[in-house]
Every structure is written in structure tokens, then in C-alpha cells.
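Peer 1: Sending over a structure as C-alpha cells; questions will come in a sec.
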Amino acid sequence: MNSALSTEHARNPLLPSGMMRAGDFCGGDYHFVGVRMPPDEPVLAGRVFRLGAQEGLEVHCTQNCDLRDLRSRVSAAPGLRVTVLLAGNVDVSFGARHVDLAAGRQQPCPRGMMVGTTHLETFERRWQRGKHERKVSLFLSSDWLQRQGLGDAETDPGVRDFLGRHLAVQPWQPSPRAVALAEQLLQLTAGPAPVGRLLISSRAIELAHEALSNLAGQGGHTSLPPREHQRLARLREFLSSDEALDLSLDDIARWAGLSASALQRHFRAAYGTSIAEFRRDARLHKARIDLEQRGLSVAQAAYAAGYNSAANFATAFKRRFGLSPKLVRARI
């Protein structure tokens, strides 16, 4: 095994075994900037997986570590790119727009990013030796988006506005459900061959929906300054945690450093929903994870989500996801 690869696996035993060489990245107009790389030169430890789940919908899963300091460029087709970074950091550019995303390594805190382009653009990735990256990215082409009716007059103004702008960039805080979907995609694509293309496709579409939901209701909500959006993004993350489960609105307002009325007003302006609705939705997402991944009973998941009645929980769950919690648990 290459010495650099051995070192990185020793530092991070969770890194999947494998190595990619410079020649693995040749194709189309992909190239390394300012350096001639021998095709057999190791450049990446771990693995990269790419699947065309549908025409115009691609799933890209990575669990890797850079072995060299490099820059690479390739042409990026128009469309929407959705990224959930589970651990590590990403340093890339789309044309003149720089995107720097960090999720940490010791205590990872997943981060999300959406980038929209309306025409061909140059994509650049900055490699840094020792930099780790564990993420799931989706590419939804302009044609695919149009086939789904996104951009039509009936589309939410916030979504339509974002998809209509070139080099539109929107950070987002992945919900517990979005993180679970990203983890499932990593697992589904971890074998030597894709397992269940239909399942991969369905998970990818649901993840895209989770991301686009963050844009819904944001049309015209540009009056809040960037610092306020950052404060509210931290609040969304806090509200999704168990720590906030039993807190009152006044407690949450004190945590955020705002009055309760200002907090409600700013939160709805930024996300198009109330704090109560967001908290209920976050608890239902967590309950779905409990049912799908942890094997909790419906009654246990209902109690963990703050419902005293399993029947009321089942009604709310079906209204949110379109299927009963019993059916979700039966799919384990």
C-alpha cells in the first residue's frame, strides 16, 4: 500500500479502503491546474461513487482524503447541486462563486449547500493533503427540474427565484431526516455494485425535496441581514436537537437573544413557518428515523416525539409523510 495511503488509514480507520490515481480523473475536460500528473500517481484515499439514478439526476457519494495539494477544474452543466456534508470540509468554486463548507471531524455537525447554475460554468476543487470529506451530492439538471414542473407558475416563488438565478448559493441546515437519507445513500452505494437503483433514486429525490423545502416561502425574504440568517440557522440546528425538546418559546427566545415576538417574526420571515410548526416537523422526522433505523415501536417513537397518544402521533405522521408509522417500521 502507498505510504501516504497507509498514513491516512492509520489516522482515520473509518476511511474506506481504496485509492484513486490521477488517471482515474481523466475524462472530458477534467484536468489538474498547473501541473502534469502521472496517470498512476495516487491522489485520493478512500472512495468516490457516482450513479446516474435517473436521466438528469446524479448521485455522488464520497468518503475520502486528499493525498496531494492540487487544484482541478471541469465544466459544470446547468442545474441544481445539493450537498450534504456529513464530516470534513469542502473548498470549491463555481465560476466566481467560492463555496467553503465545514462540518468538523471530531464532533461532526452536518452542513448543507445548494448551488444553482443556469448555464455552463467552470467548477474548481481545491485539494489539500490530509483534508477529509464525507458527503453526498446530488446533481439535478435543468431538464430534469423542468420535467418535474419546478419553475412553473405554480412553483413556490422562493424556489422559482433561486432556480432562475445563475450562481445562486444557499446554505441550509439539513434536518435529521436529510442526514438519515444521506447516510442511507452512502450505505446503499458502499458495495462493489449499486444495490437497488430504484431505492437509491427514491432516497435521492426525497433528499432533493428536503433541500428545496428550505427555499419554499423565501421569495422576497431578503430583508433580514446575513448575520440574522446565521443566527437563525444556528437556532434551527438547536431546535432539531434533544436539548430543545422541552423548552418553552420564552426559553428558546432567551437562547437566541431575542424577544419571543421578534424571534417568531424573524423565523417566519426566513423560513416561511412558525417555530411550533418547525419543532413538530423536526420531531416527526426524528420519529421516522427511530422507526426506520433504530427499530423503535410506534408507541416508543410517539413518546420520544412528545406525543401522549399514539393515535394522534399516527395521524400527524401520516399527514406529514403520506404513510402510516406502522408501514414505515414494516419496511425495516
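Peer 1: Restricting to segment 63-84, name every residue that is closer than 19 Å to GLN184 by Cα and at pLDDT 95 or above.
Peer 2: Kept after step one, since they are closer than 19 Å to GLN184 by Cα, are these residues of segment 63-84: 63-64, 81-84.
Hits for segment 63-84 are ARG81, VAL82, THR83, VAL84.
Peer 1: Among the residues of segment 51-78 satisfying the criterion of being under 16 Å from the mean Cα position of the chain (by Cα) and within 30 Å of ARG160 (Cβ to Cβ), which is surrounded by the most Cβ atoms within 10 Å (Cβ to Cβ)? Let's see the steps before the verdict.
Peer 2: Within segment 51-78, the subset under 16 Å from the mean Cα position of the chain (by Cα) is 57-63.
Restricting the remaining residues to those that are within 30 Å of ARG160 (Cβ to Cβ) gives 57-61.
Details: LEU57: 22, GLU58: 20, VAL59: 24, HIS60: 17, CYS61: 21.
Within segment 51-78, the match that is surrounded by the most Cβ atoms within 10 Å (Cβ to Cβ) is VAL59.
Peer 1: From the set of residues in segment 172-194 that are in a loop (DSSP other than H, G, I, E, B) and not small (Gly, Ala, Ser), which is farthest from the chain's Cα centre (by Cα)?
Peer 2: Of segment 172-194, the ones in a loop (DSSP other than H, G, I, E, B) are 173-175, 189-194.
Applying the additional criterion that residues be not small (Gly, Ala, Ser) yields 173-174, 189, 192, 194.
Numbers: GLN173: 8, PRO174: 6, THR189: 16, PRO192: 24, PRO194: 20 Å.
Result: PRO192.
Peer 1: Additional query: When segment 277-332 is examined, which residues are found to be charged (D, E, K, R) and under 19 Å from ALA178 (Cβ atoms)? Even if it seems obvious, please write down each step before you answer.
Peer 2: The initial filter retains those residues of segment 277-332 that are charged (D, E, K, R), namely 277, 279-281, 283, 286, 288, 290, 292, 294, 318-320, 326, 329, 331.
Of everything in segment 277-332, those that are charged (D, E, K, R) and under 19 Å from ALA178 (Cβ atoms) turn out to be GLU277, ARG279, ARG280, ASP281, ARG283, LYS286, ARG288, ASP290, GLU292, ARG294, ARG320, ARG331.
Peer 1: Can I ask one more? What are the pairs, 6+ residues apart or on separate chains, where a residue within segment 135-159 that is closer than 28 Å to ASP100 by Cβ and hydroxyl-bearing (Ser, Thr, Tyr) has its Cβ under 9 Å from a residue that is assigned to a helix (DSSP H, G or I) and modelled with pLDDT under 95?
Peer 2: Matching pairs, first to second residue: SER142/LEU163.
Peer 1: Taking the conditions exactly as written (farther than 25 Å from ASP91 by Cβ, touching a helix residue (DSSP H, G or I) at 6+ places or on another chain (Cβ under 8 Å), at pLDDT 90 or above and not assigned by TED's automatic domain parsing to the domain that holds LEU291), does ARG203 satisfy them or not?
Peer 2: Answer is yes for this residue.
Peer 1: Checking the conditions here, which among VAL159, VAL169 is modelled with pLDDT of 85 or more, assigned to a strand (DSSP E or B) and more than 10 Å from the chain's Cα centre (by Cα)?
Peer 2: Working: VAL159 fails: assigned to a strand (DSSP E or B).
Every option except VAL169 fails the conditions.
The values are calculated or read from the model by the stated rules, or taken from the named source; none is laboratory data. Being a predicted model, the structure only gives us computed values, none of them experimental. Cβ: placed from backbone, ideal geometry, glycine included. Neighbour counts: every protein chain shown.
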